[in-house]
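Novice: Take this structure, written in structure tokens, and hold onto it; I'll ask about it next.
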Amino acid sequence: MRIESGQPAPDFRAVDDTGREWTLADFAGKTLVLYFYPRDNTSGCSQEARDFRDLHDEFTGKNAVVVGVSKDSVASHQKFRKKLDLPFILLSDPDRRMIEAYGVWQEKKLYGKTSMGVVRTTVVIGPDGKIERVYPKVKVKGHARAVLDALGG
């Protein structure tokens, strides 16, 4: 499945690192910045999390909520969030329902080998629940700032 700007965001039900269940409706009225990443505690994923962390107050100032999503377990997210002092929600999607609904489970090539995995993607969902922007195949450096700047005033 491929998602695009202007269409309603796929609904989801996922648990965060505290055990709380979240759905799309919980974010109604706010801009939701959903960033999908491959794995806790890898260099690129850690840097991306730190970048969103460091800009957290600015996102909040724009009525935006940042939420990280991976297929890692709740326990893994707890350690990752504590280690990096992350102020935002990390959703655990071990069965890949949300990851597949948002079209980020894709074929990847690494060192000549092909496998399936989470392709680093950010989806910005407007207060009305519609997709405002999709950032596919994200390069970490400068990404969080670019997303923030694109949110406007």
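Novice: Which condition number does Ala25 fail, the rest of (1) in a strand (DSSP E or B); (2) over 20 Å from Tyr135 (Cβ atoms) being met?
Specialist: Of the numbered conditions (1) in a strand (DSSP E or B); (2) over 20 Å from Tyr135 (Cβ atoms), the odd one out for Ala25 is (1).
Novice: If you don't mind, there's one more thing I want to ask. Kindly provide the set of residues from segment 100-124 that are of a type in the set (A, V, I, L, M), at pLDDT 90 or above and touching a Ser or Thr at 6+ places or on another chain (Cβ under 8 Å), ordered by number.
Specialist: Listed by number, the residues that qualify are Val104, Val124.
Novice: Of the numbered conditions (1) of a type outside the set (A, V, I, L, M); (2) closer than 22 Å to Ala101 by Cβ; (3) in contact with a Phe, Trp or Tyr (Cβ under 8 Å, 6 or more places away or on another chain); (4) surrounded by 15 or more Cβ atoms within 10 Å (Cβ to Cβ), Lys30 fails exactly one; give the number of that condition.
Specialist: All conditions are met except number (3).
Novice: Return the pairs, sorted by first residue and then second, in which the second residue is surrounded by 13 or more Cβ atoms within 10 Å (Cβ to Cβ) and at pLDDT below 90, the first residue lies in segment 41-57 and is of a type in the set (Gly, Ala, Ser), the beta carbons are less than 7 Å apart, and the residues are 6+ apart or on different chains.
Specialist: Partner pairs satisfying both residue conditions: Gly44/Val140.
The values are calculated or read from the model by the stated rules, or taken from the named source; none is laboratory data. Predicted model only: the values in this text are computed from it and were never measured. No Cβ is skipped: glycine too gets one built from the backbone with ideal geometry, and neighbour counts run over all protein chains shown.
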